[in-house]
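Colleague: Below: one structure in structure tokens.
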Amino acid sequence: MRGKQVISKLFVYLLLTVFASMFLVPVAMMLFGSFKPDDQVLAQAGHLGSLLPAEFSWHNYQDVFARVPFLRYLFNSVFISLCIVAGGLLVNSLAAYAFARLQWPGRDWLLLLVVALMIIPLEAIAVPLFYEVTLLGWRDTYWVQIIPFIANAFSIYLFYTFFLSLPRELEEAARIDGAGPWRIFFAIVAPNAKPVFATVAILNFLTQWGALLWPLMVTHSEAVRPLPLGIATFYSLPPLQWGDIFAFGVMMVTPVLLIFVLFQHWFVQSVATTGVKG
Amino acid sequence: MTSAGHQADKRNARLAWLFALPALLGLFCFVLLPFVLSIIISFTNLRLGSPLPLEFMGFSQYQRIFTDQAFLAALRNNSLFALVVVPLQTGLALLLALLINRPLRGMAIFRSLFFMPVVFPLSLVAVVWILVFAPGPQGLLNQLLGTITLGSWQARDFLHDSVWALPAISLTSIWQGVGFQMVILLAALQGIPHELYEAARVDGANRWQQFVCITLPQLRNAIIFVVLVTTILAFRLFDQVQIMTQGGPNNATTTVMYEAVNSAFGSQQVARASAMTVVFFTIVLLITLLQRTVSRHERVIE
């Protein structure tokens, strides 16, 4: 019996290691490739033994800064994502609170409408939205990448279900003390709803940080383009230099990976929530 | 007294509207309005910068796209992609979740590792995988397959091969997305009450019987959800195609969204592109309704 257990344990670890290497190899290829001279990246792509660079060089990194405005892309990505996340947290949580706790005419059918809007993906409305912002003269700006994405039906729904699950007693006590809805929301409800704020922030951040379709449609100048578009343009910018592209990739993903490592628990929790709530 | 209460009610209702207004306004302007517009526009001849007057065209945009070889190829590719990716990715996610759920050391590290690509933007993943699929015996995947088959593998240019390009994009997508599904299934696995397994063990059920009779039925809703999300994602496919193949070779990897963006953006044919996104939305809606029916069916049984 014990021997059988050891073998089954070993088998689990073996399988996991095989899968782990599939996840690690492309990442290692990018990381190590970013330190290699360009011709070696492609030449050694197939040799797992020569994944490690013979000598480390920062040359590719210098190249990236010389060839494209990397810091501009980075700033744009951070700025756009942060505005959407922060604006979204405020606007959607307020609306959800109104749906969950306040009495007002039209509430119930508007809630139904919000739930229905959840199934419309950006892709389904991208074309008329593109037309709309063209008419508004918003193309090629920051706000065309921010404003349409602040209000979010799924975020409202996540906040709504969370607020419903909060005990009413706290709010009742504050109401008896004479606090109005604003005070109650900001002083009592919001501080007790940190998990849902974290979930919504992370899910929105992940979507926006990686967004390619919309920025591709509505921007054309480097000044407002975010990182995903940056790497797409960089890839198509001749001469094709894999070392440079990998250096770009490493710099692009490192900040998010750091945040992920620090707040791993929250990331995993947030994604798990989508399964329960969706 | 009642009048004062009425007054307060009215004030509170106004305040509630104020709470909800910014979000409702945003949803109206940037989701509902464009959605309604997309249906209306799809029945016209709207084209950016066109000198022709705007006309109602009935279903002719739809007739055109359904006789357009590229769009039909796109529909076929999306469906094929879904047929391949949904079972593979769900199956792999389930396998990984089951492995990680074992009470062994180091599982947290594996979980983070498998989840890691989820925080990678798809555009970056696509670029990195172009090199994995590099043509010639030097390419990583070609080399690997050569080693596995003891040299009998003929090196291919995966992304420029009409047979291999779509599978290559599928593999890339699974690599990036499987961690997301795994985490959802893992949470569902951990929600299964231990008593069920203990009772089964008392009854003498082996591992496989426990899996089939307890784990799978208990995971049913989570699996249905994961299948739904992955299917919809399959029809949204765009980033990988844009970067890895531009729809080629010979429309072998073009997708509905890729065609729509090209029509709207490349040739300014907003009406045609709108018709395509209406078709896309109809597919999403059908998939969602199907999932709802399947889930509800289960609730009735319970």
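Colleague: If A:Glu222 satisfies all but one of (1) buried (at least 18 other Cβ atoms within 10 Å of the Cβ); (2) assigned by TED's automatic domain parsing to the domain that holds A:Leu129; (3) touching a Pro at 6+ places or on another chain (Cβ under 8 Å), what's the number of the condition it fails?
Modeller: (1)
Colleague: For region B:160-190, enumerate the residues that are over 21 Å from the mean Cα position of the chain (by Cα) and either within 21 Å of B:Phe120 (Cα to Cα) or not in a helix (DSSP H, G or I) (or both).
Modeller: B:Asp161, B:Ser162, B:Val163
Colleague: Inspect all residues belonging to region B:95-105 and state whether any of them is more than 23 Å from A:Ala28 (Cα to Cα), assigned to a helix (DSSP H, G or I), under 23 Å from the mean Cα position of the chain (by Cα) and facing chain A (nearest Cβ under 9 Å). Walk me through how you get there before you give the answer.
Modeller: The first filter runs over region B:95-105 and keeps only residues more than 23 Å from A:Ala28 (Cα to Cα), leaving B:95, B:97-99, B:101-105.
Next, from what is left, pick out any that are assigned to a helix (DSSP H, G or I): B:95, B:97-99.
After this cut, where a residue has to be under 23 Å from the mean Cα position of the chain (by Cα) as well, the list is B:95, B:97-98.
If we keep only those that are facing chain A (nearest Cβ under 9 Å) as well, we get B:95.
So far as region B:95-105 goes, yes, one or more of its residues are more than 23 Å from A:Ala28 (Cα to Cα), assigned to a helix (DSSP H, G or I), under 23 Å from the mean Cα position of the chain (by Cα) and facing chain A (nearest Cβ under 9 Å).
Colleague: Can you go through A:Val115, A:Val64, A:Val78 and tell me which one is more than 7 Å from chain B (Cβ to nearest Cβ) and crowded, with 23+ Cβ neighbours inside 10 Å? Don't jump to the end; show me each part of the working.
Modeller: On the way: A:Val115 fails: crowded, with 23+ Cβ neighbours inside 10 Å; A:Val78 fails: crowded, with 23+ Cβ neighbours inside 10 Å.
Being more than 7 Å from chain B (Cβ to nearest Cβ) and crowded, with 23+ Cβ neighbours inside 10 Å holds for just one of A:Val115, A:Val64, A:Val78, which is A:Val64.
Colleague: Looking at (1) surrounded by fewer than 20 Cβ atoms within 10 Å (Cβ to Cβ); (2) farther than 14 Å from A:Met217 by Cα, which is the only condition B:Gln268 fails?
Modeller: The failed condition is (2).
Colleague: Could I ask something else about it? Which one is farthest from the other protein chains (Cβ to nearest Cβ), of the residues in region B:236-260 that are in contact with an Asp or Glu (Cβ under 9 Å, 6 or more places away or on another chain) and part of a helix (DSSP H, G or I)?
Modeller: Among residues in region B:236-260 that are in contact with an Asp or Glu (Cβ under 9 Å, 6 or more places away or on another chain) and part of a helix (DSSP H, G or I), the one farthest from the other protein chains (Cβ to nearest Cβ) is B:Glu259.
Colleague: Can you find even one residue in region B:39-52 that is of a type in the set (Val, Ile, Thr) and part of a loop (DSSP other than H, G, I, E, B)?
Modeller: Checking region B:39-52: not a single residue is of a type in the set (Val, Ile, Thr) and part of a loop (DSSP other than H, G, I, E, B).
Colleague: Looking only at helices (runs of 4 or more DSSP H) that lie completely in region A:159-274, which have at least 2 residues being within 18 Å of the chain's Cα centre (by Cα)?
Modeller: Hits in region A:159-274: A:194-209, A:213-218, A:227-236, A:242-262.
Colleague: Can you name every residue in region B:273-288 that is more than 7 Å from chain A (Cβ to nearest Cβ) and under 19 Å from B:Asp68 (Cα atoms)?
Modeller: Listed by number, the residues that qualify are B:Ala275, B:Met276, B:Val278, B:Val279, B:Thr282, B:Ile283.
Colleague: Next question, about the same structure. If we only count helices (runs of 4 or more DSSP H) wholly inside region A:60-152, which ones have 2 or more residues that are in contact with a Lys or Arg (Cβ under 7 Å, 6 or more places away or on another chain) and in contact (Cβ under 8 Å) with a residue 60 or more places away in the chain?
Modeller: A:70-101, A:122-136
Colleague: Would you confirm whether any residue within region B:219-235 is surrounded by fewer than 20 Cβ atoms within 10 Å (Cβ to Cβ), without any contact (Cβ under 8 Å) to a residue 40 or more places away in the chain and part of a helix (DSSP H, G or I)?
Modeller: For region B:219-235, residues surrounded by fewer than 20 Cβ atoms within 10 Å (Cβ to Cβ), without any contact (Cβ under 8 Å) to a residue 40 or more places away in the chain and part of a helix (DSSP H, G or I): absent.
Colleague: Now for a separate question. Select from region A:225-249 the residues that are buried (at least 21 other Cβ atoms within 10 Å of the Cβ) and among the β-branched types (Val, Ile, Thr) and write down the one among them that is farthest from B:Ala222 (Cα to Cα).
Modeller: A:Ile245
Colleague: Cβ-Cβ distance below 7 Å, separation of 6 or more or different chains: which pairs start in region B:60-73 with a residue that is in a helix (DSSP H, G or I) and end on one that is surrounded by 15 or more Cβ atoms within 10 Å (Cβ to Cβ) and acidic (Asp, Glu)?
Modeller: Sorted first by the residue in region B:60-73, then by its partner, the pairs are B:Ala70/B:Glu259; B:Phe71/B:Glu259.
Colleague: Quick one: in region B:140-180, which of the residues that are of a type in the set (Val, Ile, Thr) and farther than 30 Å from B:Arg111 by Cβ is farthest from the other protein chains (Cβ to nearest Cβ)?
Modeller: Restricting attention to region B:140-180, the residues satisfying the condition of being of a type in the set (Val, Ile, Thr) are B:147-149, B:163, B:169, B:172, B:174, B:178.
Add one more test, that the residue is farther than 30 Å from B:Arg111 by Cβ, and what stays is B:149, B:163.
On the way: B:Thr149: 14, B:Val163: 21 Å.
By that ranking, first place goes to B:Val163.
The values are calculated or read from the model by the stated rules, or taken from the named source; none is laboratory data. None of these values were measured; they are calculated from a predicted model. All Cβ positions, even for glycine, are placed from backbone atoms using ideal geometry, and neighbour counts span all protein chains on display.
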